[in-house]
Amino acid sequence: MSLLNLHKVTKIYSDRCILKNITLSVKKGEVYALIGPSGAGKSTLLRIIDLLEKPSSGEVVFEGVRTSLLNENSIIQLRRRMALLSQRVVLFNMSVFGNVAYGLNLRKIDYKIVKEKVNDVLQRVGMLEYADQNALLLSGGEAQRVALARCIVLEPELLLLDEPTANLDPANVALIENIISELNTKNKTTIIIATHNMLQAKRLGSRVGFILNGELVEEGPPSRVFDNPIDERTKAFIDGTMIY
């Protein structure tokens with residue numbers, strides 16, 4: 001069963017078309033990996049799915065609900081079923097614990113429950129010992145793990161990840177990939193991950209979609225897309241021979 005459907009989604013900024021007629025569906029419980037060069041439109045697509053931006057045309061449908069028909073309060077409620085980890089990590093000038101607890105506190109959840117949930121998630125991402133430290137003093141890898149914890153503590157049905165391991169060392173990449181896999185296999189969280197790392201997409205993805213110049217050029221199982229791509233542009237990107 002599909003959790004998310006996009007129908008001919010287009011996004012235009014001024015005279016520039018960022019996304020062109022994107023049509024895709026994401027099934028409940030799968031990991032959908034988006035690959036493509038910088039500027040292809042991956043981040044914009046994630047922001048549209050997260051309802052932070054509206055498409056210029058087309059429709060985003062979440063569990064059969066056309067999001068364009070929702071009022072502001074309904075959009076807020078729907079967004080609470082999702083979480084977006086942006087490419088640029090921004091943490092608040094407060095403790096690691098406070099950063100991860102922030103979304104739960106906005107939902108006015110009882111402190112005992114907040115404390116239990118936050119400590120559990122910090123343990124999972126290997127950051128419990130840093131709970132009282134100011135988040136702005138963390139290294140890049142540590143900050144990324146806290147940002148991920150801030151998302152997953154909300155137990156989203158749909159987790160959107162924009163380059164979650166960019167510029168991280170191999171140890172942090174492996175740790176974050178393990179967390180993502182665990183979320184999907186144990187929690188059945190549906191995940192859409194945008195990544196430049198094609199090996200990462202192959203490791204994590206149930207399906208892979210290749211975006212180029214705002215168009216969804218090709219999608220399918222990782223084994224087929226990477227080993228036997230249909231479109232010559234996909235092959236050129238994977239082989240590293242594409243000039244863009």
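The values are calculated or read from the model by the stated rules, or taken from the named source; none is laboratory data. Fair warning: this is a prediction, and the values are worked out from it, not measured in the lab. Neighbour counts are summed over all protein chains in view; Cβ atoms, including those assigned to glycine, are modelled from backbone coordinates with ideal geometry. The area values use the complete protein model at the heavy-atom level, side chains included, leaving out ligands, DNA and RNA. Shrake-Rupley method; radii C 1.70, N 1.55, O 1.52, S 1.80 Å.
Checking the a/c ratio against 1.5 first, then a/b against b/c, what shape does the Cα gyration tensor give for segment 47-88? Walk me through the numbers on the way to the answer.
Details: a/c = 1.83, a/b = 1.28, b/c = 1.43.
It comes out oblate by the Cα gyration axes.
Please report the antiparallel percentage of the DSSP beta bridges confined to the chain, to the nearest 5.
Working: 21 of 38 bridges.
Antiparallel bridges: around 55 percent, rounded to the nearest 5.
Among the trypsin sites (Lys or Arg not before Pro) in segment 173-244, which ones are in a DSSP loop with at most 12 other Cβ atoms within 10 Å of the Cβ? Mind listing them?
Details: sites: Lys186, Lys188, Lys202, Arg203, Arg207, Arg224, Arg233, Lys235; in loops: Lys188.
Loop-located and lightly packed - Lys188.
Simple spin-label model, 7 Å along Cα-to-Cβ: Thr185 to Asp132 in nm?
Calculated label separation equals 3.6 nm.
First check a/c for segment 1-116, with a ≥ b ≥ c the square roots of the eigenvalues of its C-alpha gyration tensor; if it is under 1.5, answer rounded, and if not, answer prolate when a/b is larger than b/c or oblate otherwise.
Here segment 1-116 falls in the prolate category.
So with the 1.4 Å probe, I'd like the accessible area per residue for the chain, rounded to whole Å². Let's see the in-between values first.
Working: 12130 Å² over 244 residues.
About 50 Å² of surface per residue is accessible.
Over the chain, what relative contact order in percent results from Cα pairs under 8 Å that are six or more residues apart?
Numbers: 427 pairs, mean separation 66.1, N = 244.
This gives 27 percent for the chain.
Only Cα pairs under 8 Å and at least 6 apart count here; give the relative contact order of segment 96-195 as a rounded whole percent. Intermediate results must be reported in sequence, preceding the final value.
On the way: 98 pairs, mean separation 29.7, N = 100.
Dividing the mean separation by the residue count of segment 96-195 yields 30 percent.
Can you sort Tyr32, Tyr130, Tyr13 by 1.4 Å-probe accessible area, starting with the largest? Before the final figure, lay out each step's value.
On the way: Tyr32 0, Tyr130 60, Tyr13 90 Å².
If we order Tyr32, Tyr130, Tyr13 from most to least accessible, we get Tyr13, Tyr130, Tyr32.
Taking θ = phi - 60°, what integer Hz values does the Karplus form 6.51 cos²θ - 1.76 cosθ + 1.60 yield along segment 118-128, in sequence order, with x for Gly and Pro?
5, 4, 5, 5, 4, 4, 5, 9, x, 10, 4
Around Ile193, which amide H atoms from residues at least 5 apart in sequence, or from another chain, sit under 5 Å from its own amide H, with H modelled in the peptide plane?
Amide H to amide H, under 5 Å and 5 or more residues apart or across chains, Ile193 pairs with Tyr32, Ala33, Leu34, Leu161.
Which whole-Hz couplings ³J(HN,Hα) result when phi for each residue of segment 159-171 is put into the Karplus expression 6.51 cos²θ - 1.76 cosθ + 1.60, θ = phi - 60°, listed in order with x for Gly and Pro?
10, 10, 10, 9, 6, x, 10, 4, 6, 9, 6, x, 5
Is the shape of segment 49-121 best called rounded, prolate or oblate, per the rule: a/c under 1.5 gives rounded, else a/b larger than b/c gives prolate, else oblate, with a ≥ b ≥ c the square roots of the Cα gyration tensor eigenvalues?
On the way: a/c = 2.96, a/b = 1.89, b/c = 1.57.
Prolate shape, in that a/c is at least 1.5 and a/b is the bigger ratio.
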